[in-house]
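A short write-up of the structure that comes next.
Every number in this text was worked out from the coordinates using simple rules, so none of it is lab data. Nothing here was measured: the structure is a model prediction, and the numbers come from that model. Note that we place each Cβ from the backbone using ideal geometry, even for glycine, and neighbour counts take in every protein chain shown.
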Amino acid sequence: MITHVDSPKHQGWRKKLIEEIRTKGIKDEKVLQAIGKIPRHFLLDPAFDHIAYEDRSFPIGENQTISQPYTVAFQTELLEVKPYEKILEIGTGSGYQSSVLAEMNAFVFTIERQKKLYSKFQKTNPFADKYKKVKYFFGDGFEGLPTFAPFDKIIITCGAPMLPPKLLAQLKIGGYMVIPEDEDGQQRMKRITKISETDIKEEQFGNFLFVPMLSGKAE
Ligand code: SAH
């Protein structure tokens with residue numbers, strides 16, 4: 001069993017990271033505070049301990065990555081998270097994004113399609129006691145979680161080929177979906193507001209790089 005230590009050294013690196021992503025344009029203090037509370041190095045292989053607070057993505061196995069802190073902060077800021085909101089995340093990965101949302105007091109439902117990542121995180125989740133509000137599911141994010149719908153907000157943390165219709169159906173009217181949508185190999189960050197059952201509003205926020213959103217489960 002790995003015993004994690006959040007040393008003053010890690011806390012210092014985390015403070016620097018917060019200032020770095022603030023300089024890059026993140027303004028929401030609640031988002032910055034949440035990032036400042038998550039010991040990201042707990043979610044990474046010990047080999048990354050000394051670089052865990054660089055503003056970069058890192059491999060987490062199965063050809064997947066933990067998102068870059070700036071990207072996590074950017075998507076979280078766009079979500080405008082309020083306490084007790086029900087938020088669906090597609091792409092649990094390392095569990096970093098879901099921990100940030102839980103730290104902001106959201107009720108998080110998160111889906112991962114890679115069985116190995118899902119199982120690994122179930123076994124090793126260092127925040128299991130702290131963030132009891134996070135519910136983890138193994139499944140295909142394109143399907144969403146109809147049993148738990150509707151959601152106040154939906155966040156997709158992989159590059160989606162289009163707006164997944166089933167996810168839009170599971171979003172509350174007035175709710176946001178933050179989605180990096182694939183356009184010619186890059187992902188354009190979009191915030192979709194569900195205006196009514198038939199209307200949406202779309203806002204665009206620049207290009208990012210994500211691993212692709214793939215259909216089906218990988219056992
Ligand atoms: N949110 C993660 C980022 C993980 S990278 C974090 O904080 O670390 C994106 C993840 O999305 C990968 O783990 C990948 O396996 C997963 N993914 C891709 N397509 C998916 C789908 N259709 N449903 C659920 N997860 C998916």
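Key figures for this structure:
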item: Thr92 long-range amide H proximity, modeled H, under 5 Å; result: Ile111, Glu112, Arg113
item: Stokes-Einstein translational diffusion, the range 30-72 - Kirkwood Rh over all Cα pairs, 1.002 mPa s, 20 °C, in µm²/s; result: 197 µm²/s
item: Residue among Ser196, Ser98, Ser119 with the largest mean-square fluctuation in a Gaussian network model of the chain, springs linking Cα atoms under 10 Å; result: Ser196
item: Neighbourhood charge, 14 Å Cβ-Cβ cut-off, centred on Arg22 and excluding it, Lys, Arg +1 and Asp, Glu -1; result: 0
item: Reciprocal mean inverse distance between Cα atoms of the range 114-213 - Kirkwood radius, Å; result: 14.8 Å
item: Principal-axis tilt of helix 8-23 within the chain, Cα atoms, nearest 10 degrees; result: 40 degrees
item: Helix 115-124 axis, angle to the chain major axis (alpha carbon atoms, nearest 10°); result: 50 degrees
item: Highest-first arrangement of 51-59, 20-28, where packing means the average Cβ count within 10 Å; result: 51-59, 20-28
item: Scattering curve values for the range 1-116, log₁₀ I(q)/I(0), Debye with Cα scatterers, q = 0.15, 0.19, 0.21 Å⁻¹; result: -0.65, -1.05, -1.26
item: Two-site label geometry, Asn63 and Lys132: point separation in nm, points 7 Å out along Cα→Cβ; result: 3.9 nm
item: Reciprocal mean inverse distance between Cα atoms of the chain - Kirkwood radius, Å; result: 17.4 Å
item: Size-normalised alpha-carbon gyration radius of the range 1-63, reference 2.2 N^0.38 Å; result: 1.16
